[in-house]
1. Taking region 10-55 as the search range and keeping residues that are among the basic types (Lys, Arg) and closer than 13 Å to residue 152 by Cα, which one is surrounded by the most Cβ atoms within 10 Å (Cβ to Cβ)?
2. Got at least one residue in region 75-87 being assigned to a helix (DSSP H, G or I), touching a residue at least 40 places away in the same chain (Cβ under 8 Å) and surrounded by 17 or more Cβ atoms within 10 Å (Cβ to Cβ)?
3. Checking the condition in contact with a Lys or Arg (Cβ under 6 Å, 6 or more places away or on another chain) and of a type in the set (A, V, I, L, M), which residue from 151, 145, 158 passes?
4. Criterion first (of a type outside the set (Gly, Ala, Ser), more than 16 Å from residue 212 (Cα to Cα) and in the same structural domain as residue 49 (by TED's automatic domain parsing)) does residue 159 satisfy it?
5. Looking at 56, 29, 63, which is the one that is more than 18 Å from residue 87 (Cβ to Cβ) and aromatic (Phe, Trp, Tyr)?
6. Regarding residue 166, is this residue within 23 Å of residue 257 (Cβ to Cβ), in contact (Cβ under 8 Å) with a residue 12 or more places away in the chain and of a type in the set (A, V, I, L, M, F, W, C)?
7. Is it fair to say residue 164 is under 10 Å from the mean Cα position of the chain (by Cα) and closer than 27 Å to residue 42 by Cα?
Amino acid sequence: MLKKLSKRQQKLIKALRQSKTARLKNCCFFVEGLKSVEEAIGSDCNIRYIVLADGFLDSNKYFLEKLMRKTLADRLYQVSDKTFSELTDTVTPQGILAVINFKDIEIENVPKQNFLVIALDKIRDPGNMGTIIRTADAAGADAIVIGKGCVDIYNPKVVRSTMGSLFHIPIMQTEDLVKTLVALKKLGGQVVTTHLSAKKHYYDVNFKTSTVIVMGSEPEGVSQKISVISDELVTISMPGQAESLNVAVAHGIIVFEAVRQRAKL
């Protein structure tokens, strides 16, 4: 018999869903859906507890046995389908969610040799942020740096759109992105920044050495301070009539150019 989720725990989950302030205050966030919870379980993150709806338990007894084998029995809670639907913000919830503690990442966690880091400045759209995290994970990037002014990476919409990649790649949040970029330069990284007025094409940059790829928001681009400290300002050729590319698409183009070059090392 699993433990029943308390009113206090229910209140916390609802707060985590609705408020960045609540997530920061409690130093945790939540993920929902079987795939995302499985990814969290398979990672090194610290899971506070897992909530399972009656309907999920009825049709996924094998998964409950799996959780028991992973010594998570003391962190499993059961709720009615009705209560679960009140906790989630998805239209058709799968009946499983997990509350997970924040994981602090410092610059010391970045590999010292030939690293590939993605840095983001004022990326505010949850879908773009989630796609960038997922793409960076697919590209094998070593870390992502999130600057002040970006959307909260623990926003439920961001978490869902990462499809579990949030648990695969170290993500560092910084109040001073310029300072962090300077620190990465001191570790030997070149700072390559996308810029609308750049003359150099992204494929003319040598990505085989330690690199930080900096992406700014589509309407604003990166700050002037970031442009000044950048080693390379690059652009993506657009022979068509569109004025700009979605930032997540632009990020994918550039990061996989780095993957292509590094494959030839």
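1. 23
2. yes
3. None of the other options fit; the residue is 151.
4. In short, no.
5. On inspection, the qualifying residue turns out to be 63.
6. Criteria not met by residue 166.
7. Judged against the criteria, residue 164 is a match.
Condition check ((1) in contact (Cβ under 8 Å) with a residue 60 or more places away in the chain; (2) assigned to a strand (DSSP E or B)) across all residues:
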residue	(1), (2)
23	yes, no
37	yes, no
45	yes, no
48	no, yes
55	no, no
67	no, no
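The values are calculated or read from the model by the stated rules, or taken from the named source; none is laboratory data. All of these numbers come straight from a predicted model, not from anything done at the bench. Ideal geometry is used to build each Cβ from the backbone, glycine not excepted, and the neighbour counts take in all protein chains shown.
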